Amino acid sequence: MVIDLAGLFPTRDHHVRLRTNLQIYWDQAFVADLVGNEKGKEGRGQAQVTTLAPVLGNLHFRGFSRMYRRGGRYGPHWFDYDSVTTASPWRPIAGAATRFGDVLPLLDRSDDQYIIMAPGDETTVEFAALPAPPPGWSRTFLLYSDGWIKDSDLNTADGTTIAPLPYHAITSYPYTGGDGYPTDSARQRYLRAYNTRIIKRSSPPPAVREER
């Protein structure tokens, strides 16, 4: 997770506290001071940021990676991407999910028009290649994402259904008061054009297919 801390400290005390009500294991945390580099002035602490837009986005069913623990009986869960099964360890989440295929238009900006993935789904995203960095420079890739996660845990509000859908201007979840997914024409067209894969509580998983 990447968090922009610029302008958030009211004093010179730059201590940061991370708090959560989830069972999360942190293995490292670090701060990077990004200073835009000037031509001909390469040095420590300088950085050049290049933002890449996706050139391919494909949603498909993949299956479920084998899950195991690292660090003993109570260690965090890890996943073996190369070991996959179609047998779902979770119950279906019923509702209208995004249909399989090209989803590139849903990846270019944060506009409440997003990919709705069901358990076992995978989105393959590709970016154009970059030229090699200058001599003496190293390169780090950061993936910026904007979205929501909802599981089918019994303690999750509306955990058995895809709806109600979250959106950026929402004031609370579950909905209260005047909350409701926007009804403007653009977002209603998105619902009709993309979210046509109806998942029922008893829906079996689709067949796994290889994507190249």
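The values are calculated or read from the model by the stated rules, or taken from the named source; none is laboratory data. Because the structure is predicted, anything quoted here is derived from the model rather than measured. For neighbour counting, all protein chains shown are included, and Cβ atoms are generated from backbone atoms with ideal geometry for every residue, glycine included. Protein only, heavy atoms only, side chains kept; ligands, DNA and RNA dropped before computing areas. Shrake-Rupley method; radii C 1.70, N 1.55, O 1.52, S 1.80 Å.
Taking region 57-113 as the region of interest, the strands (runs of 3 or more DSSP E) fully inside it that hold 3 or more residues being open to solvent by 50 Å² or more (accessible area, probe 1.4 Å) are 64-69, 77-85. Residues that are more than 25 Å from the chain's Cα centre (by Cα), at pLDDT below 85 and among the hydrophobic types (A, V, I, L, M, F, W, C) within region 7-49 comprise VAL35, ALA47, listed in sequence order. Just so you know, in region 178-200 the residues that are within 14 Å of HIS168 (Cα to Cα) and within 21 Å of the chain's Cα centre (by Cα) include one that is least open to solvent (accessible area, probe 1.4 Å), and it is TYR181. In region 1-29, the residues that are at negative phi form Cβ pairs under 7 Å with partners that are assigned to a loop (DSSP other than H, G, I, E, B) and of a type in the set (A, V, I, L, M, F, W, C), at six or more places apart or across chains, as follows: VAL2/LEU142.
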